[in-house]
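Structure first, then comments.
The values are calculated or read from the model by the stated rules, or taken from the named source; none is laboratory data. All values reported here derive from a predicted model rather than from experimental measurement. Cβ atoms come from the backbone with ideal geometry, glycine included; neighbour counts cover every protein chain shown. Heads up: the accessible areas ignore ligands, DNA and RNA and are worked out on the full protein's heavy atoms, side chains in. Shrake-Rupley method; radii C 1.70, N 1.55, O 1.52, S 1.80 Å.
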Amino acid sequence: MVTFGERMTMERDDIATLRSLGFEDAELRELGLWEPATGEPSALAEMYLRRSKKKDTVTSLRQQVREMCGHARSENKSIRHLWFEQRSASKASVRREEFEKATGAIIAGLSKTLYVFKTSRLSRRGMGQVGLLLDEFDTKKARICVTAERIDSSKSRMILAILSEQAREQAADISQFAKLSITANKSEGKWTGGVTPYGLYSPKGSGKLAHDPKEYATARRIAVYLLNRKTPAWIANKLNSEGIPTRHGRKWTDSGIISLAHSVTWAGLVANREKMRDAHGNELDKYHRGGTPLLDKSGHPIPLGKGVISFSEHVKISSILADRAHPGTTIGDRSRGKREIVAILTDLLRCGRCKGPMENGGINYRCQARQRQGESSCKGISTDRARIDKELAGLWETHILSLSPESDVIHAIARKWLDYKDPAKEKRKQEVTQHWRVRHPGNSSCKKNSS
């Protein structure tokens, strides 16, 4: 007789994922996915399953699993774990956690084979990513097996490289057509998808925005408060004190109110927003906040349906918020870019009442909940920032003075200080030191000479 504890130990770690895909227990037994796989790593395999959009049916995903299991049986391999996720494989900004776990299991030596259905399911970033992965697998004597295209990386690496580059080109084409479609829909005043601002929703198939019956009344109250020059923090506290939650059941914050106020879509207009770019000028999968109304050929904003506020109200609210902005401070200045850290204990110092984090409030550290969500969340406390920072500096100084002159910490601080004060000189010093070590291996005097 099998006890409950024994049944728990016999259950696979990925059983919840398999059942979420719609597999019945009987079929899992038939596919060899019922009991945990055991054996040597060479006899075990990881299976990676991915869909980029929900329109890929679960029925199709189940068939992919069946075919990969059939291929594994023909090679006398047991599937140790099925890793499944819904993620893009072409966007460098998107992290694929399940893919990392699947490859990580092989690099850790738990198995020696990774099964994927097609090369495009593996990656659409080309040989730049796949090649590095294969190099790591080669050192572990592991391989990638692509079922639909019958590719074994240990035998057909060049073919996998070509198909990887082909998948990358397809991703570029898909991205271009998607961008054209979005641009066309925007020019016609159609909602292109995504999260609608609070108070609005897009009826299925309409392509327009409409008032949300559950949220519109509160959204309009927020708009009226803003037009009457109430501060975002006051509005957040007012809603929280009345027990009115956000769309996701959370408390309102001043930053959430500000985001609504700056949203062009909240005014029922098509927004023109620029994508963020990395240091090399490549587009990221993120947009800058706010944006401006997209204009038609006549120079008029393109309507997107109904809004919580009118365009004139949007302009007035933006003007009110701009009047409160103080350039170079934390109050409403959106032109600063990335700010330098001036409050070293932000999020580390704790409020004495709610025990939550405290943040920079100008000359003080203030309770974050009180600042962002109002008095209904916490009565809050504040303390002089200069005094607290001075106390911390004193503690740090005492700690440093207690260390030995030969301490690694002292030497590390000295190196960082040299880098900061004269980076060019420090870089040259490192180059000379490295050159000496190459020409005189094992000679420890190079450190003294270089200094």
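Assuming 0.36 nm per residue, please report the length gained on full extension of the stretch Asn185 to Arg29 beyond their Cα-Cα distance. Write down the numbers at each step before the final one.
Values: separation 156, 0.36 × 156 = 56.16 nm, distance 4.79 nm.
That pair, Asn185 and Arg29, stretches by 51.4 nm at full extension.
Per 0.36 nm of contour for each residue apart, how much would the distance between Lys101 and Ile159 grow if the chain were fully extended, relative to their Cα-Cα spacing?
18.4 nm
Would you calculate the separation in nanometres between label points at Lys214 and Phe311, each defined as 7 Å from the Cα along the Cα-to-beta-carbon direction?
According to this spin-label approximation, the distance is 3.2 nm.
What do you reckon, how do Thr59, Thr119 stack up by accessible area (1.4 Å probe), largest on top? Please report the intermediate quantities before stating the final value.
Working: Thr59 85, Thr119 5 Å².
The residues order as Thr59, Thr119, largest area first.
Give me the net charge for the shell around Arg247: Cβ to Cβ below 10 angstrom, other residues only, Lys and Arg +1, Asp and Glu -1. Don't jump to the answer; show the numbers that get you there.
Numbers: positive: Lys214, Arg250; negative: Asp212, Glu215.
For residues surrounding Arg247, the net value is 0.
Determine the gain in length on full extension of the stretch Ser382-Glu67; use 0.36 nm per residue of separation and subtract their C-alpha separation, reporting nm with one decimal.
107.1 nm
Check the range 199-255 and count each lysine pair with an alpha-carbon distance under 21 angstrom, considering only pairs eight or more places apart or from different chains. It would help to have the intermediate numbers written out before the result.
Details: Lys204/Lys214; Lys214/Lys238; Lys214/Lys251; Lys230/Lys238; Lys230/Lys251; Lys238/Lys251.
The number of close lysine pairs in the range 199-255 is 6.
Between Lys390 and Thr38, what's the calculated FRET efficiency when r is the beta-carbon distance and R0 is 41 Å? Round to 0.05. Each step should come with its number before you reach the end.
Details: r = 61 Å, r/R0 = 1.49.
Calculated transfer efficiency: 0.10.
Please list 3J(HN,Hα) in residue order for the range 58-63, calculated via the Karplus relation 6.51 cos²θ - 1.76 cosθ + 1.60 where θ = phi - 60°; whole Hz, with x for glycine and proline.
Running phi through 6.51 cos²θ - 1.76 cosθ + 1.60 with θ = phi - 60° gives 5, 4, 5, 5, 4, 5 Hz.
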